[in-house]
Every structure is written in C-alpha cells, then in structure tokens.
Amino acid sequence: MPAAEDVKSSWADEVELEGGSLPPSTEVFEHGFKIVTDYKYNDDDKKVKFVRTYKIEKRAVSKSIALRKTWKKFGECATDKPGPNPATTIAAEDVYMQYITSKEEDNKQEDDGMDKLKAMGDKNVVKCRTCNGDHWTSKCPWKDTMLAGGKVPDDKKNAGVAGTTAGPTGGDTGKQGSKYVPPSMRDGASKRGDGPNMPRRDDSYCAIRIANLSDSTTESDLEDLVKPFGPIQKLYLAKDKVTGQCKGFAYIHFKFRNDAATAISVLDGYGYDYLILSVDWSKPSPNQ
Amino acid sequence: MKPIMLQGHERAITQIKYNREGDLLFSSSKDNKPNVWFSLNGERLGTFNGHQGAVWCIDVDWTTTRFMSGAGDNTFKIWDCATGKEIGNISTASSVRTCMFSYSANMAVYTTDRAMKQPCEMFIIDTRLVDDSISNQAPILRIPIKDARISSILWDNVDESIISGHENGEITQWDLKTGRQINSVKEHSLLINDMQWNKDGTMFITASKDHTAKLFDAKDLLLLKTYKTERPVNSAAISPIFEHVVVGGGQDAMDVTTTSARVGKFDSRFFHMVFEEEFGRVKGHFGPINSVAFHPDGKSYSSGGEDGFIRVHTFDSSYFEYNFDY
C-alpha cells in the first residue's frame, strides 16, 4: 500500500515519537569485560547514558557448586536475566577496615605523664605556706612559733634552717604588706622577664588556626593535611565532648614560623572534604 | 574493600547463613520471603515464597538440597533449594524462633516461642524423607521448656546432643537419647541472640543483649573468652582461618531513631579471639547489625542489618597481612 506510506502523522506526534524512542541497550564483550550501555530518562526528562562495565572472571569450582550455578532462578526473581539484577544487587561504596591501634598510644601518653610527675617529684611539689620549705604546712618546724600574721620571726628562721631563703611573704618587703601578690609578680618570680605586655608563649607565633573543617575530620586527617609543610609541635582539634566529632576548627603549632606561613598561604581557601578552609594566624584571646 | 549490597528484603534482616561450600548465602527477614544469593557476585538465585509472617530462623543442610525456615505465622517449612518449592510444612502452636539441621541432616530441631498460653517447646523431627506427610508425623522428641524460652540453638557432638541459648542468658546442653538436660551454665545476664560454631565444632560463640559475646568450650560449656562492647550484641562469628571473631550489634531497634548513625555503633567489630582485644572495625550499616556470618573460606564475611540490607565484604589484602601486636 504505497499510499499508506505517504500518510504521515502530524509533526507533533513525530516529535513525541522521537523523544520516546531511546537507543536500544547494547552489550559488548571485549578483553574479559562486559560493557552494557543503557539509555534512560532522568528526572529532568533528559536522556542519560548508563555504561556499566563488568569484569568477567573464570574460576574453577567443585562439581556441586558448578551444578548450583546452573540452577534456574525462582520466586521473585524468576524473570531476572542472568547476572546480578541491579535492582537488588548494588556495589556499595568502598569501605575500609579501621585498624585500632590507639590503645598503645594512650598508654604511652600516660607513661609520659607519669615520667613527668616522677621527674617533678624531686623538686618542690610540696611547699610550706609558712616558710616555703619542702614540706607540708602542718609539718613546718616553725608551726609552733608562728606569729599572729602567719609569719615566722626572721631571727629564728635564719638560725634554724640554713639555706632556706626568706620567702616572698616572709620578710618585711615594705610596700606589699599583707596584700595578696600573685606568684608571678612576687620578687623571686619576676626575673623571668616576661612582663604583661609580652606574649606568653613564643610558639603562638607559629600557631595557625584552621576553620571550616567538616564534622568528620579526625586528628590523623589533620595531621596528613599539615604534615607536608613542616614539623609540628602541637596539634589541637576541637571536638564535641559527647559525640567526639570535630567542631569545625583546629589549632596547629608549627616548629618554625616559615612553615606556618606557607601553610596559611596554601591552605587558606583550600577545598577540603566539600568545605573551603579558612586558615589564619592563631590570635591570642584578648584577655591574655 | 568494595562491599556488595543486597537489597532483596523489605524489612529488617533476621538471619543470614552460608551453605557449607559458601557459594550460596541464605537470608531471612521480617518480611515473609527468605532469599538465596550467589555470594560471589551478589546475584539473587531466588526467593522462597509461602510464609505469611516474619521469618525468624533459617538453615540449610550440608548438601544444599534442602532449606528450612521458621516464621511468626506459626509454621515451619522445608524447601527444595534448587527450585524454591515448598516440600514440607508443619503447623505449630506459636511462632518458630530457632531451627537447625543436624550435621547429617537426618534430623532437624526447631523451637517455638512461649506465647498465647503455649509453653516454649523444642521439637526434634526426622527429616530423612520430607514430603506432605511430614505435617502429620509425630516428632522424635518433644521437650517442653519450663522457664526462659530458647532464643538460639546448635546441634552438638555430631547429632547426639543439642545446645540451647535462653532468654535469661542460660546455656543448656541436652542429651537426645534421654531427652534430659546434661549441663547448664549461666554466664550471660540477658537474652542470647545467636550462637555459632567455630570451624571444627569444638568451641562456639554466643552473642547476648548484655553487651558481650562469649566463647565457650562445647564439651563442658566452659567459658573461655569474653568480648566486651558498649552495645547489645546481636550476632558473632568465628573466622575459619584466623583467630578472629567478628561481632555485630548496635542499640535496640526502638532506640535507633533517636541516635545518629555516626554515634550509634553500627560497625562490625573484629576482635582477636585469644586476646579479647578489638583490632578493627568495618562501617556501613545504618541500623544495628542483626546477623553476621563468615564465608567458610574465611576470605569474606557478610552482615545483615536492621536497615534491611545485607552487605557482602571481601577482605582486602591488608586484612590478611595484618598482624596483631601483643
């Protein structure tokens, strides 16, 4: 019927037809891979091409297993094609086994703490409030001879304990009187030379603050991130007490200021774990 | 490793089990269709359609010819593995909680829950010939359980005795010739959710709601090791090739919605069997893990969770190279 061929549906129908017909799916076998190409519409009505690549492996198995491989599918999947059905079998994201070694590190830290304490044990951990000697206040030899103001008479002190220097509160240092003087401001202590105008710690020069970290950041992630810039003195990651998740910022103390500067220049604005980091010098809090 | 995620179930997974060779993985869930999968590529071989309620327990015999399942619809069914056809059906008075084929598969055991004024009972049935007549057949042995119900079960000593784990944390060994209990210990304080053999059947591991998994000597029920966690343990398995134990659990299903997946402990946790120390974790599920199983070759393991997914993990080389520091 040649006439029938001439009769065409309206252009609108044609457009719809074109839109409705997708290229058929193809299966190609090459180099031990099976490549399946499908076409589908996505939510925006756009054509999407799906390419799935399967690796074909040959394995020698026992007869019983080989026999089971020939069993026909039954039940809900009786109509499935050979091979995994993507509706029920999905290759999940990569996961890794996290090996737990933290236990040893914890022990080490405790040991360090103990060592420090032990080392300190030789020095003045115990200090008498009356005469500043290396003993408890209650065991002070001057306990009985204490004056009303809690001071030891100078003559007795010098006579009794040779080598014990007069404590800052002990002698008549004049102006201070009985007013409380913080330890750092006392006569003996002020020789360190850092006045209130000087920064407390030199290392704050080399400290940087990294902000806008993602929740899932861990200390080891952070270490990996900043290690390339140079040796690190201290690394602090703010974490939530309950959940243990990162609170979004961290402080890194570098050994050298130069390293810290390069770290800032490189990492500021660096995209890390879907967020953009903001990195700057760590500013001391204003009340310090 | 890249796990294969199996999404054949609509509800929480209750149990997963490999067959003897490990080429098939059987799974059951609180929906009513147990599934069977090829463990190598995650292809689904079939579903066993016929139950009306949540399927609580499954087992497969050593030749992978018959599969059985017990469900909350008060039935216990035996199926043909190759075709998925139901070949035997037994109606019970209450829901079937546990079931297992004996090693030879000449017998099977199943237990029913204490519910609707029915006591918890243990039934031993003859499964040498399974056909329609099995529903009228009297069981070989029928043991009523007076106190706490049975929540997990194992055949012991090549079909001669049975070990049952109870709701109150007791473990009891039963002699099948006399039908009496031989031995009983109470090392757990709460329900024992799962018990699994080691490879040679000399030891078994229990998983309990009291946050621990414990390793027992099968001969005299001697407690050997304890693996402690912070959450209820739903399932535990022993590696057939290493001295490793995998433990799966998480908080109770009722608390899940109030806990985020990151804080909730939904990881599979690997313990060293001897030193009782945790050495590794694998994340992935976003609900508590209800069942774990090692592949009989020890090179992969699977876990099924309250989230309804089964994840088949094939170990990386790092797992095989890992040496436990002691």
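FYI, it's all coordinate maths here, none of it is from the lab. Owing to the predicted nature of the structure, the values given are computational and were not obtained by experimental measurement. Every residue, glycine as well, gets a Cβ built from its backbone with ideal geometry; the counts of neighbours run over all protein chains shown.
For an R0 of 51 angstrom, estimate the FRET efficiency from the Cβ-Cβ distance between B:Q7 and B:R180 and round to the nearest 0.05. Walk me through the intermediate numbers first.
On the way: r = 46 Å, r/R0 = 0.89.
E between B:Q7 and B:R180, to the nearest 0.05, is 0.65.
Per residue, what volume in Å³ does the Cα convex hull of chain B take up?
124 Å³
Using the Kirkwood radius built from alpha carbon pairs, what does the Stokes-Einstein equation give as D for the range B:127-174 at 4 °C and 1.567 mPa s, in µm² per second?
Working: Rh = 12.6 Å.
In µm²/s, the coefficient is 103.
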Looking only at other chains, what is the average number of their beta-carbon atoms within 10 angstrom of each beta-carbon in A:236-243? 1
Once amide H atoms are built 1.01 Å from N in the peptide plane, which residues 5 or more positions from A:C140, or in another chain, come under 5 Å H to H? none
Among the listed pairs A:K255/A:K283; A:K127/A:K241; A:K73/B:K199; B:K186/B:K228, which are separated by more than 25 Å between their Cα atoms? A:K127/A:K241; A:K73/B:K199
Grab the beta carbon distance between B:D200 and A:K127, set R0 = 56 Å, and tell me the FRET efficiency rounded to 0.05. 0.30
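Per residue of A:65-74, how many C-beta atoms from partner chains lie within 10 Å of its own C-beta, taken as a mean?
Numbers: counts 8, 1, 2, 10, 5, 1, 9, 5, 7, 14.
Mean partner shielding for this stretch: 6.
Specify, per residue and in Å³, the volume enclosed by the convex hull of the alpha carbon atoms belonging to the range A:202-281. Write down the numbers at each step before the final one.
On the way: hull volume 6.0 nm³, N = 80.
Cα convex hull per residue, to the nearest whole number: 75 Å³.
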Let me know the Rg and Dmax you get for the range A:25-88 when you use only its Cα atoms, in Å. 15.6, 50
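Semi-axes, largest first, in whole Å: what does sqrt of 5 times each Cα gyration tensor eigenvalue give for the range B:1-118?
Semi-axes from the Cα gyration tensor: 23, 17, 12 Å.
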Under the 7 Å Cα-to-Cβ spin-label approximation, A:I35 and A:A91 lie apart by a distance in nanometres of 1.5 nm
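Run the dipole for the range A:25-88 about the Cα centre, Lys and Arg Cβ at +1, Asp and Glu Cβ at -1, nothing else charged, and hand back the magnitude in debye, nearest 20.
On the way: 15 positive and 9 negative charges, 100 e Å.
Taking the Cα centre of the range A:25-88 as origin, the dipole is about 480 debye.
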Neighbour counts of other C-beta atoms within 10 Å: give me B:F123, B:F48 arranged from fewest to most. B:F123, B:F48
